[in-house]
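The values are calculated or read from the model by the stated rules, or taken from the named source; none is laboratory data. Computed from a prediction, not measured in an experiment: that's the story for all the values here. Cβ atoms come from the backbone with ideal geometry, glycine included; neighbour counts cover every protein chain shown.
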């Protein structure tokens, strides 16, 4: 049972990470900086609960704000470049953040032990949950409350004018600016919101793993972050969630029995999924089909509803 | 309404627009014609701010807008259509108009309602423009799935929904059949009636001669003639630019 609870926690946190990249991808930007924002959130939240003795909720809020502010600051210079150059620029930022934490040593003596981030050894003893007697299930519920909040907010945004504007920028920047859209402002806003969500995910991640170190926030994590929304499709936030479940539960955990062959199959299955569903697992056509189905079920003359009466 | 003063745009050694002076009056449909590569589209791109001018000024209602970003010019009332249609293909027809909507009522709604609210009051105005563009039946269709003529109409609708004072049409009739061109003609006249100023770039001479009040002719980035359609048609320089100079004559 604990295995599944642990898996559900991972899925929750990675969904937040994927959603942070989803925001940025909507505007057509591929950002490999999300792992960097995730790392900033993790360290800030952990330092606030461990060193400053904060409760986790304000610590997460502060971590999200710091990560969001960083994303905003990075967004202005980074979004001046496009395409491959942006990938390189954001990758460089992510690596810079990782190397910063590799060298970041800020330990405070607490009783007989020293606590706090210790450079390459990482930041141990992030014990807010056990110290306050939270069970694994409590933690799981806590995580998914945030996932649900973020998903609802993004789902709402998707259906609003803001969502349409983000997609318009993602499709054609020249047309967007000729339609009166301030493209730079839109892209930086998306980056900021993405950084905020990544920071939140990172803060939660730090507390359930209890030990963070620079190596966890490398290129692999950044790649996962953009892989989820690309694999899941940019038509709906649920695509990202499904992609995380597909990758984390099915590909990583479900195929564990294959041993070393798993990694080979992992790449192959992602390629397969992208070939079969080039616009993502959930695309615009899927959504249209679901809508049609709902409308058909509501019509009075429908065979199925008649049978039910 | 629109004044260009010694406007120039050089791409490397190519003088796409070379010291152009132009004055488009309030409420007129002004045609800009010329052979391929004469710099017409560059003029539109300079007026709407897609790229910066090398030299010279663009004045809108007496105000210098030369240095303004594209989206700021849209807010000032300059909108355009593209020669190669540029719609948001993965958005629905009505969303294409929603993102461009810029009316004053809409702006007064406050930032949260404007960005995170649903369609609300935006809907009526968009529906009206969809009807004007003969697209009412297609409002929920993805723009990318529309037929060519419908895409042209939607692009025009997107330029109108931002409530412009000056509309730049870059070859709006390209690829259209005769019937569609007639409808376009009627639409341009209707927009003129509503007080809009139009700068029309077009190769389809029948449409240009029918719908414009005045015409300027460009060749190699310079204005070689200007006047009413009749005057321009009989201008010797214009005939030479289009047909080439008869060597022996």
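Here are some notes:
- Condition met for residue B:196 (buried (at least 16 other Cβ atoms within 10 Å of the Cβ), within 14 Å of chain A (Cβ to nearest Cβ) and modelled with pLDDT of 90 or more): no
- Unmet requirement for residue A:168, which otherwise passes all of (1) buried (at least 24 other Cβ atoms within 10 Å of the Cβ); (2) over 17 Å from the mean Cα position of the chain (by Cα); (3) within 19 Å of residue A:68 (Cβ to Cβ): (3)
- Screening residue A:148 with (1) without any contact (Cβ under 8 Å) to a residue 60 or more places away in the chain; (2) surrounded by 14 or more Cβ atoms within 10 Å (Cβ to Cβ) gives one miss only, at (2).
- Only one of the numbered conditions (1) surrounded by fewer than 23 Cβ atoms within 10 Å (Cβ to Cβ); (2) within 22 Å of residue A:71 (Cβ to Cβ); (3) more than 14 Å from every other protein chain (Cβ to nearest Cβ); (4) modelled with pLDDT of 90 or more is violated by residue A:153, and that is (3).
- Taking the stretch A:279-309 as the range and being modelled with pLDDT under 75 and closer than 21 Å to residue A:228 by Cβ as the test, only A:284 passes.
Here is a yes/no grid of residues against (1) buried (at least 24 other Cβ atoms within 10 Å of the Cβ); (2) within 24 Å of residue A:50 (Cα to Cα); (3) out of contact with any strand residue (DSSP E or B) (no Cβ under 6 Å at 6 or more places or on another chain):
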residue: A:210; (1), (2), (3): no, yes, yes
residue: A:214; (1), (2), (3): no, yes, yes
residue: A:221; (1), (2), (3): no, no, yes
residue: A:225; (1), (2), (3): yes, no, yes
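- Across the stretch B:54-81, the qualifying residues are those that are outside any helix (DSSP H, G or I) and surrounded by 22 or more Cβ atoms within 10 Å (Cβ to Cβ), and the one among them that is nearest to the other protein chains (Cβ to nearest Cβ) is B:80.
- Members of the stretch B:184-232 that are under 10 Å from residue B:32 (Cβ atoms) and part of a helix (DSSP H, G or I): B:208
- Selection status of residue A:170, over 22 Å from residue A:39 (Cα atoms) and more than 14 Å from chain B (Cβ to nearest Cβ): no
- Residue match in the stretch A:240-256 (condition: within 28 Å of residue B:82 (Cβ to Cβ), away from chain B (no Cβ under 14 Å) and assigned to a helix (DSSP H, G or I)): no
- Answer from B:173, B:246, B:159 - the residue that is in a loop (DSSP other than H, G, I, E, B) and modelled with pLDDT of 90 or more: B:173
- Flag for residue A:206 being modelled with pLDDT of 80 or more, assigned to a helix (DSSP H, G or I), in contact with a strand residue (DSSP E or B) (Cβ under 8 Å, 6 or more places away or on another chain) and within 26 Å of residue A:123 (Cα to Cα): yes
- From the list A:206, A:198, A:190, A:176, the one residue that fits, being within 14 Å of another protein chain (Cβ to nearest Cβ), touching a residue at least 40 places away in the same chain (Cβ under 8 Å) and buried (at least 22 other Cβ atoms within 10 Å of the Cβ), is A:190.
- Close pairs from the stretch B:32-51: first on the phi > 0 side of the Ramachandran plot and away from chain A (no Cβ under 14 Å), partner surrounded by 24 or more Cβ atoms within 10 Å (Cβ to Cβ) and in a helix (DSSP H, G or I), Cβ under 9 Å, at least 6 apart: B:34/B:40
- Checked against (1) at pLDDT below 95; (2) closer than 24 Å to residue A:173 by Cβ, residue A:114 meets all criteria but (2).
- Lone unmet requirement of (1) more than 14 Å from chain A (Cβ to nearest Cβ); (2) surrounded by fewer than 21 Cβ atoms within 10 Å (Cβ to Cβ) for residue B:184: (2)
- Per-region count, the stretch A:46-91, residues over 30 Å from residue A:183 (Cβ atoms) and outside any helix (DSSP H, G or I): 5
Yes/no per residue for (1) more than 20 Å from residue A:247 (Cβ to Cβ); (2) crowded, with 20+ Cβ neighbours inside 10 Å; (3) under 16 Å from the mean Cα position of the chain (by Cα):
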{"position": "A:20", "(1), (2), (3)": "no, yes, yes"}
{"position": "A:36", "(1), (2), (3)": "yes, yes, yes"}
{"position": "A:41", "(1), (2), (3)": "yes, yes, yes"}
{"position": "A:69", "(1), (2), (3)": "yes, no, no"}
{"position": "A:81", "(1), (2), (3)": "yes, no, no"}
{"position": "A:94", "(1), (2), (3)": "no, yes, yes"}
{"position": "A:100", "(1), (2), (3)": "yes, no, no"}
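- Some residue of the stretch A:211-226 being away from chain B (no Cβ under 14 Å), under 16 Å from residue A:27 (Cα atoms) and touching a helix residue (DSSP H, G or I) at 6+ places or on another chain (Cβ under 6 Å): yes
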